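This report concerns only the one structure given below.
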Amino acid sequence: MRKRRPLPLRKGDVVAIVAPAGPVDPARLSRGIARLSAAGFVPETAEGILGRDGFFAGDDGHRAGQLDWALTLPEARAVMAARGGYGTTRLLPLIDWTKAARRRKLLVGYSDVTAILSFAATRLGLPTVHGPMAAADLARRPDAEALDAFVRLAAGRVRPREPWGRPCERLRGGAAEGILCGGCLSVLTALLGTPYEPDFRGTLVFLEDVRESAYRLDRMLTQWTQSGRFSRIAGIVAGAIAPVGGESGDDVRKVFADAGKRLSVPVWYGFPAGHDGRNFALPFGVRARIDGRGRLFLLESPVAP
């Protein structure tokens, strides 16, 4: 599939902020906008971004309208989600994604926004960024290193020989290489059997989640394995998933190690991205390699030269 790489995001560029999922806290949004502005970008928020309809930031039409506005805004180089929660999957049938891919805007977010990121990266050939959200991690205690990583990645300033993030812990096997993609495991699992299910053939799959028991993680990984959708992956890179309900980190590690054994692929654990702690930006839809020491290398850029 020919990649339609987004244009690089540089200082002075407009970042359109939308709420495709849960309701947005105005104070958190203000803090996130301030951080984006301090980093040199020009944040523009969608009309009605503070809307609320139960556990959504407005009804489906309202939230889809925000996305359509951001995807068609001529001056916007990037579209960033304000937060996750739930509701993004409901918008997938309401957007003309083929037209959106031709506009080549950098799609940024994580958590529930995984639905858009993984679909666009694997089905549309549009690289995306699993990265910060304006009213989520950008609104919390500043993480200068993580924000700088996003700025450099979005600008196309990451070298292929530069180790990215922090080294991971080996659970099974060794080096692996493939098209990096994935995201929040529970959101990905909800896409199975739909037209928006990501194509993980030949991918180095990044997986993370939050507040999920080990048995639930195992159930989801088993579903992916038994469906055959993971039969041709190159390997798994898991985030540092916090244990719940009296479980230990070893319980979570064992789940991923067992999945790797069933799939006969390498498994690495603890990349600092996602819900638990630091959220180091990761590009989806580009080739990456993890070496025998657990260091991740981005072999391609998610943005055009």
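The values are calculated or read from the model by the stated rules, or taken from the named source; none is laboratory data. In this text, all values refer to a predicted model and were calculated from it rather than measured experimentally. Because the Cβ atoms are built from the backbone with ideal geometry, glycine has one as well, and the counts that use them run over all protein chains shown.
If you scan region 93-113, which residues turn out to be aliphatic (A, V, I, L, M), closer than 23 Å to residue 34 by Cα and either touching an Asp or Glu at 6+ places or on another chain (Cβ under 6 Å) or not in a helix (DSSP H, G or I) (or both)?
At the first step, the residues of region 93-113 found to be aliphatic (A, V, I, L, M) are 94-95, 100-101, 106-108, 113.
From what is left, the residues that are closer than 23 Å to residue 34 by Cα are 106-108, 113.
106, 107, 108, listed by residue number.
So how many residues does region 175-232 have that are among the acidic types (Asp, Glu) and closer than 15 Å to residue 119 by Cα?
Going through region 175-232 one residue at a time, the tally reaches 2.
Name the single residue, out of those in region 222-241 being surrounded by fewer than 16 Cβ atoms within 10 Å (Cβ to Cβ) and among the small types (Gly, Ala, Ser), that is nearest to residue 278 (Cα to Cα).
If we take residues in region 222-241 being surrounded by fewer than 16 Cβ atoms within 10 Å (Cβ to Cβ) and among the small types (Gly, Ala, Ser), then 231 is nearest to residue 278 (Cα to Cα).
For region 13-38, give me each residue that is more than 19 Å from residue 105 (Cα to Cα) and either assigned to a loop (DSSP other than H, G, I, E, B) or acidic (Asp, Glu) (or both).
Within region 13-38, 21, 22, 23, 24, 25 meet the criteria.
What residue, among those in region 115-150 that are in a loop (DSSP other than H, G, I, E, B) and among the charged types (D, E, K, R), is surrounded by the most Cβ atoms within 10 Å (Cβ to Cβ)? Don't jump to the end; show me each part of the working.
Of region 115-150, the ones in a loop (DSSP other than H, G, I, E, B) are 124-127, 131-136, 140-143.
With among the charged types (D, E, K, R) added as a condition, the list becomes 140-141, 143.
Numbers: 140: 13, 141: 5, 143: 19.
Here the residue is 143.
So residue 112 clears everything in (1) crowded, with 17+ Cβ neighbours inside 10 Å; (2) out of contact with any helix residue (DSSP H, G or I) (no Cβ under 8 Å at 6 or more places or on another chain); (3) among the acidic types (Asp, Glu); (4) within 26 Å of residue 192 (Cβ to Cβ) except one condition, right? Which one?
(2)
Would you confirm whether any residue within region 199-221 is exposed (fewer than 15 other Cβ atoms within 10 Å of the Cβ) and under 28 Å from residue 76 (Cβ atoms)?
The initial filter retains those residues of region 199-221 that are exposed (fewer than 15 other Cβ atoms within 10 Å of the Cβ), namely 201-202, 211, 215, 219.
Filter once more, so that each one left must be under 28 Å from residue 76 (Cβ atoms): none.
No, every residue in region 199-221 fails to be exposed (fewer than 15 other Cβ atoms within 10 Å of the Cβ) and under 28 Å from residue 76 (Cβ atoms).
Just to be sure before I move on: is residue 248 among the polar types (S, T, N, Q) and more than 19 Å from residue 191 (Cβ to Cβ) in the structure I sent?
yes
Which residue out of 260, 277, 246 is modelled with pLDDT under 95 and farther than 30 Å from residue 5 by Cβ?
The conditions single out 246.
Go through region 169-285 and tell me which helices (runs of 4 or more DSSP H), entirely inside it, have 1 or more residues that are touching a residue at least 40 places away in the same chain (Cβ under 8 Å), under 27 Å from residue 98 (Cβ atoms) and not aromatic (Phe, Trp, Tyr). It would help to see each step written out before you state the result.
Values: elements: 185-190, 214-226, 249-263.
It comes to 185-190.
Does any residue in region 42-66 that is more than 16 Å from residue 26 (Cβ to Cβ) come within less than 9 Å, Cβ to Cβ, of a residue that is surrounded by 18 or more Cβ atoms within 10 Å (Cβ to Cβ) and among the acidic types (Asp, Glu) six or more places away or on a different chain, and which pairs are these?
Every condition considered, the pairs that remain are 42/13.
Of the residues that sit in region 15-31 and are more than 18 Å from the chain's Cα centre (by Cα) and either buried (at least 17 other Cβ atoms within 10 Å of the Cβ) or of a type outside the set (A, V, I, L, M, F, W, C) (or both), which one is farthest from residue 50 (Cα to Cα)? Reasoning before the result, please.
From region 15-31, those more than 18 Å from the chain's Cα centre (by Cα) are 23-31; that's our starting set.
Narrowing the set further to residues that are either buried (at least 17 other Cβ atoms within 10 Å of the Cβ) or of a type outside the set (A, V, I, L, M, F, W, C) (or both) leaves 23-26, 28-31.
On the way: 23: 7, 24: 6, 25: 7, 26: 7, 28: 11, 29: 9, 30: 11, 31: 14 Å.
So, considering only residues that are more than 18 Å from the chain's Cα centre (by Cα) and either buried (at least 17 other Cβ atoms within 10 Å of the Cβ) or of a type outside the set (A, V, I, L, M, F, W, C) (or both), the one farthest from residue 50 (Cα to Cα) is 31.
Counting only residues that are in a helix (DSSP H, G or I), in contact with a helix residue (DSSP H, G or I) (Cβ under 9 Å, 6 or more places away or on another chain) and not acidic (Asp, Glu), how many does region 68-92 have? Steps first, please.
The first filter runs over region 68-92 and keeps only residues in a helix (DSSP H, G or I), leaving 68-72, 88-92.
Remaining after also requiring in contact with a helix residue (DSSP H, G or I) (Cβ under 9 Å, 6 or more places away or on another chain): 68, 71-72, 88-92.
Among the residues that remain, those that are also not acidic (Asp, Glu) are: 71-72, 88-92.
So the answer is 7.
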